[in-house]
Structure formats: C-alpha cells, structure tokens
There are 2 protein chains.
Amino acid sequence: MDFKLDKAIEILERTPGVIEELLNGLSQEWVMNNEGNDTWSPYDIVGHLIHGEKTDWIVRMEIIISDNDDKTFQPFDRFAQFEQSKGKTLQQLIDEFKELRKQNIAVLISKKFNEGTLNKTGIHPVFGIVTLSQLLSAWVVHDLSHIAQIARVMAKQYKTGVGPWQAYLPILNL
Amino acid sequence: MDFKLDKAIEILERTPGVIEELLNGLSQEWVMNNEGNDTWSPYDIVGHLIHGEKTDWIVRMEIIISDNDDKTFQPFDRFAQFEQSKGKTLQQLIDEFKELRKQNIAVLISKKFNEGTLNKTGIHPVFGIVTLSQLLSAWVVHDLSHIAQIARVMAKQYKTGVGPWQAYLPILNL
C-alpha cells in the first residue's frame, strides 16, 4: 500500500480501543507477566505507547515541518515507562493513552499535509534522513507491532500448557 | 501460568470484540491484502476462526469427554474458509464468529469441569495423546496467535513505506 494519511489514521485512531478490548478487565497474571528476563509485560507496553505519544511521533513530525535549521530528532527513551507508569493502574494508562492519541490525531489532521509536506525530511539520530511519510508509516507499524507483541506475551503464558500443540503455534517460539 | 478455566475464558470471550475493534470499518486494502503468495488476509483469518468454532475446539472437547472408544480427532481443514466465506462481508463474518464463540463458551461453562476432567485425553491425528487442558490452552493461544497475525499482515502493507525504520520494526521481517 502506498502511504495515504487517511488510511494511516484509520489504524492510529483505533489502537487505544484495540488495546482496551485486549486487556481491560483481565486478571493480573495476563497483564503483568512478561516473556522472562528483561522483556515487557502488556502493562509495560501500554506505558511505552504513552511515552511515544508524548515524545516521539508528533514531536518528530513538528521538527520535520518546522523551519528549524537543525532537524535532528532527540533519541527516544525506550525505558521511560518503568518510571512513568509507577503507581498507575492499567485502566489509568489506557485512559491516558486514549486521550493523548486523540489529541495527537487532531494535531495531525489540523496540519492538512499535501504530497510535498509528506516528502519533507528530518534526521533520525541513528539512521539519518527520513521523510515525514516514513515517520507516519512507522507510527502505524509501531502500533500494530505492539498489538502483536501484547498478544504474543499473553500467548507465551501457556507455552508449556499447550503440550504438543507447541509445534503448530509458532508464536510460542518467537 | 498454570491452566485455569476461568483465566482461559477471559481471553476466549474477548477475541471477537478485539477482532471487531481491529478490523471493523477499515478500508478494503487493510482487510483484504495479505503477505503475498498463498498467505492469508485479515478477512481470511476471520473465516478460519469461524471454521475452528464449528469443527475444532468444542468438537474435540466433546470427543475427549465422551464415552466413545475411539477418541481420535478429525483433521482440521485449514482451507475451508476460502469456500465458506465467499460472498460474505467482513461484518457478517465477525458477527458469525461472535455468535458461535458465545455459544461455545456457554457450552464450555455448562460442563463444569474439574481437575480430573481436564486431564482426560483424546488422540490428535498428528501428534497423538493430548489432554483436555492442552486442547483448551491451545484454543487460547490460537486466538492470540491470529490476533498477532492480523496485526502483522496489516503492518506489512507499509513494509517499504517505513524506509529505514524497517531495521527497528522486526514484525516486518517475520
């Protein structure tokens, strides 16, 4: 699919609802267990998505479309959620994510981008020049990738429980 | 996590709603595109889940708890949806999945399984003896695995669109 802003927004606007439907009201074990060692639980992932709304996608979009000479993005903190989610319930995190996402989509729509704007560029701290359309595509894929991750983390809780079915369920070996 | 029926039902009962939230109202491209060649689109996956409700999980559960001498399961048809979904809209498929899942969970609850029943066994056509608790665990993991697959199939539509971000989004290379 070629990038089209309206198609991207179709995904972005539904992610908080998908995550709420996936996680809300589940037992703590489903929500708080991870894949072992330093991996993330579904709860951690929601915190990570919140931090992205605050410091990543829209912030970088603003840098790209700004008239600044320096278009270099700040590195994204992949561990901020461990501090920032402290003391919050999952429902509080989901509500926060919902609200931030709603605001960010409103900002995105308000810009009324044309083809030319989508080709404007910024500098990613690791891989250099990127376009606005690549940034917005990555935002969509990032959402979908964390939905898949949440499903995988929960699936892994039954890794031994499925017995020989493990051979037919490749998600358990990712 | 050890298998507990109530925890398993927490996941099983929300899957149709998660899939509805993920897919309902999306443009055709998101719903009908696949990962290339003989892979499945999100639309195909919903059809596959419907066929599982009709011929797989509950049917095999009934075989395990029956007094039949022959406890061998029928092989599951992984391609039935290509015929059975024909002419149906995605919304029709989602509604059908919702209804079947509701009925099947009602059947599951009506059995009032105890530990002993969960250890009863059947014969899988490929890997032999399996317990009821393994079958029910596999049902849960199967749901989560297809939620992850739907997210991945949609993510892949932007595989080239994300440009250099591909290196940070491993879902695009699965």
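The values are calculated or read from the model by the stated rules, or taken from the named source; none is laboratory data. The structure presented is a predicted model; accordingly, all values stated were derived computationally and were not measured. Cβ coordinates were reconstructed from backbone atoms using ideal geometry, including for glycine residues, and neighbour counts include every protein chain displayed. Surface areas here come from the heavy atoms of the whole protein model, side chains and all, with no ligands, DNA or RNA. Shrake-Rupley method; radii C 1.70, N 1.55, O 1.52, S 1.80 Å.
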Is there a residue in segment A:41-58 that is open to solvent by 50 Å² or more (accessible area, probe 1.4 Å) and either under 15 Å from the mean Cα position of the chain (by Cα) or closer than 30 Å to B:G36 by Cα (or both)?
-> yes
Only residues that are within 7 Å of chain A (Cβ to nearest Cβ), surrounded by fewer than 24 Cβ atoms within 10 Å (Cβ to Cβ) and assigned to a helix (DSSP H, G or I): list them for segment B:149-159, please.
-> B:R152
Residue check, A:I94 within 14 Å of chain B (Cβ to nearest Cβ), surrounded by 16 or more Cβ atoms within 10 Å (Cβ to Cβ) and touching a His at 6+ places or on another chain (Cβ under 8 Å) | no
Select from segment A:43-91 the residues that are farther than 19 Å from A:N119 by Cβ and of a type in the set (A, V, I, L, M) and list them in ascending order.
-> A:I45, A:V46, A:L49, A:I50, A:V59, A:A80, A:L90
Test result for A:F113, surrounded by 14 or more Cβ atoms within 10 Å (Cβ to Cβ), touching a residue at least 12 places away in the same chain (Cβ under 8 Å) and either among the aliphatic types (A, V, I, L, M) or part of a loop (DSSP other than H, G, I, E, B) (or both) = yes
Counting only residues that are at the interface with chain A (Cβ under 8 Å from one of its Cβ atoms) and either aromatic (F, W, Y) or more than 20 Å from A:T15 (Cα to Cα) (or both), segment B:9-28 contains a total of 1
Criterion: open to solvent by less than 50 Å² (accessible area, probe 1.4 Å) and more than 24 Å from B:V18 (Cα to Cα) - qualifying residue of B:L100, B:L118 = B:L118
Members of segment B:102-121 that are away from every other protein chain (no Cβ under 12 Å) and more than 19 Å from B:I50 (Cβ to Cβ) | B:I109, B:S110, B:K111, B:K112, B:F113, B:N114, B:E115, B:G116, B:T117, B:K120
How about segment A:126-147: which of its residues are within 7 Å of another protein chain (Cβ to nearest Cβ), open to solvent by less than 10 Å² (accessible area, probe 1.4 Å) and in a helix (DSSP H, G or I)?
-> A:S137, A:A138, A:V140, A:V141, A:L144, A:I147
Considering every residue within segment B:68-77, establish whether at least one is open to solvent by less than 30 Å² (accessible area, probe 1.4 Å), out of contact with any strand residue (DSSP E or B) (no Cβ under 9 Å at 6 or more places or on another chain) and without any contact (Cβ under 8 Å) to a residue 60 or more places away in the chain.
-> no
Quick check: anything in segment A:23-35 buried (at least 21 other Cβ atoms within 10 Å of the Cβ), among the aliphatic types (A, V, I, L, M) and within 20 Å of A:A138 (Cβ to Cβ)?
-> no
Can A:I105 be described as of a type in the set (V, I, T), closer than 29 Å to A:V153 by Cα, open to solvent by less than 30 Å² (accessible area, probe 1.4 Å) and modelled with pLDDT of 95 or more?
-> yes
Return a yes/no flag: does segment A:65-84 have any residue that is modelled with pLDDT of 95 or more, within 14 Å of chain B (Cβ to nearest Cβ) and within 17 Å of A:Q149 (Cα to Cα).
-> no
